[in-house]
Amino acid sequence: MNGLIVADVAIAGGGIIGLSLGLELRRRGLSVVVVERQKAMSSASWAAGGMLAVHDPQNPAELLPLSLRSWELYPAYLERIEELSGLKVPLRTRRAMQYVEPARGDGGRYGDAVTAAEIAEFAPGLDTGSHQFEWLDEGSLDPNDVREALPPAFLAAGGTLLEETEMLSVQSGANGVEVETTRQRISAGMFVNCRGAWSGETSGDAERGLERLPVAPVKGQMGNLRCEPERLRCVVRAPGIYLVPRGDGRVTIGATIEHVGFDETVQESQVRQMAEAALRLLPEAEAPAQMDMWAGLRPGTPDTLPILGRAEKDRCWHATGHYRDGILLAPVTAHVMTQAMLGETTDVGLEAFSAGRF
Ligand SMILES: Cc1cc2nc3c(=O)[nH]c(=O)nc-3n(C[C@H](O)[C@H](O)[C@H](O)COP(=O)(O)OP(=O)(O)OC[C@H]3O[C@@H](n4cnc5c(N)ncnc54)[C@H](O)[C@@H]3O)c2cc1C
């Protein structure tokens with residue numbers, strides 16, 4: 001162990017949540033150090049599909065105010081990352097075709113029904129069978145773009161990023177927090193737990209000086225098909241499978257939902273099964289023999305809502321448990337957490353997301 005770092009805020013976890021919060025705190029003038037056990041943006045935040053799925057019918061209703069606010073904040077959030085990093089993070093799609101459950105009926109549909117002419121325009125060759133789809137106004141981005149741009153943006157904003165450094169424990173006292181890591185000690189005014197799937201009880205948090213949180217890893221496997229870029233120009237969400245075109249011939253497909261602990265191995269047979277389902281929808285695409293495949297761990301909670309707000313310990317906070325929507329929710333999480341930490345009224349009420357609800 002060498003050296004002491006002094007900062008206003010120490011954040012554990014250099015995924016999209018920790019770094020976006022760090023960026024927003026820097027914008028408000030606070031000094032910030034982010035501690036990341038591996039490389040920044042190398043866990044769920046990189047593995048994600050990148051859908052900004054504001055109106056996904058699978059989202060719990062309580063998530064909608066946060067999702068809508070995040071979608072509003074997205075343009076300024078991306079602009080700031082681009083300005084600071086000098087790297088582009090474009091929205092790769094701006095519409096999504098969402099399968100409509102027959103039980104929901106017309107009354108349950110949020111968007112306009114997708115017509116045959118629109119399929120010919122946005123997804124020529126898409127075989128929807130007898131299924132109904134609706135249009136949702138939502139974007140998607142390539143998490144690889146965020147992985148390239150967000151860490152340098154945080155550094156350019158004046159943040160400190162300690163990679164390959166594990167947060168070991170946190171002690172809080174009258175004047176601040178002391179954070180032990182595998183490299184340096186940090187003395188800070190506040191601490192935020194942004195450790196994604198590792199935020200929960202299975203990772204020994206009692207020993208780290210934090211309360212136990214019911215956050216558990218939910219594995220997702222993904223892969224890339226290939227097709228001509230103009231064959232698919234919107235996200236498609238069908239039963240059991242989604243397709244996210246990147247605009248350059250890659251079509252990301254996903255994702256499994258597996259409760260198998262901290263296992264990030266890829267089972268090729270499972271990704272090939274998803275590829276078969278995707279190819280039934282989009283027969284013009286192809287599943288290469290050497291197909292890109294990967295897996296990541298979503299930070300799941302019992303009610304699938306994030307945990308945002310104060311921790312039990314003084315001067316400690318949680319911003320975790322974003323499950324399937326952490327890419328969507330990064331801007332609003334950064335925004336409302338900063339407001340809460342500075343004692344301001346938050347744009348969206350955080351009661352439904354408190355750690356105390358469990
Ligand atoms: C397959 C898949 C598809 C997804 N698709 C979408 C999607 O389309 N849209 C969407 O919005 N969301 C999606 N998600 C969810 C989204 O990826 C997550 O909600 C989001 O990335 C969580 O961000 P995070 O920063 O909290 O976690 P992570 O990105 O996992 O970052 C947490 C970091 O904490 C670090 N860490 C852990 N313990 C310590 C420690 N003790 N000390 C220091 N560092 C530590 C880890 O190394 C890790 O880098 C998907 C997730 C998966 C896995």
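The values are calculated or read from the model by the stated rules, or taken from the named source; none is laboratory data. Everything quoted here is computed from the prediction, not taken from an experiment. All Cβ positions, even for glycine, are placed from backbone atoms using ideal geometry, and neighbour counts span all protein chains on display. Quick note on the areas: whole protein, heavy atoms, side chains included, nothing else; ligands and nucleic acids left out. Shrake-Rupley method; radii C 1.70, N 1.55, O 1.52, S 1.80 Å.
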Kindly indicate whether any position in region 246-262 is modelled with pLDDT of 95 or more, under 30 Å from Met337 (Cβ atoms), among the aromatic types (Phe, Trp, Tyr) and assigned to a loop (DSSP other than H, G, I, E, B).
yes
Residue that is closer than 26 Å to Gly15 by Cα, at pLDDT below 95 and not aromatic (Phe, Trp, Tyr), where the choices are Ser172, Ser140:
Ser172
Just the residues that are more than 24 Å from Thr320 (Cβ to Cβ) and open to solvent by less than 30 Å² (accessible area, probe 1.4 Å), please, taken from region 251-272.
Val251, Thr252, Ile253, Val271
So which residues in region 229-250 are touching a residue at least 40 places away in the same chain (Cβ under 8 Å), open to solvent by 10 Å² or more (accessible area, probe 1.4 Å) and touching a Gly at 6+ places or on another chain (Cβ under 7 Å), if there are any at all?
Arg231, Tyr242
Hits in region 262-303 (condition: out of contact with any strand residue (DSSP E or B) (no Cβ under 9 Å at 6 or more places or on another chain) and within 16 Å of the ligand (Cβ to nearest atom)):
Gln273, Asp303
Cross-chain or 6+ apart pairs with Cβ under 7 Å, region 142-167 first and in contact (Cβ under 8 Å) with a residue 24 or more places away in the chain, then open to solvent by less than 30 Å² (accessible area, probe 1.4 Å) and acidic (Asp, Glu)
Leu161/Glu36; Leu162/Glu36; Glu163/Glu36; Thr165/Glu36
Taking the condition of being assigned to a strand (DSSP E or B) and open to solvent by 10 Å² or more (accessible area, probe 1.4 Å), how many residues in region 310-331 meet it?
2
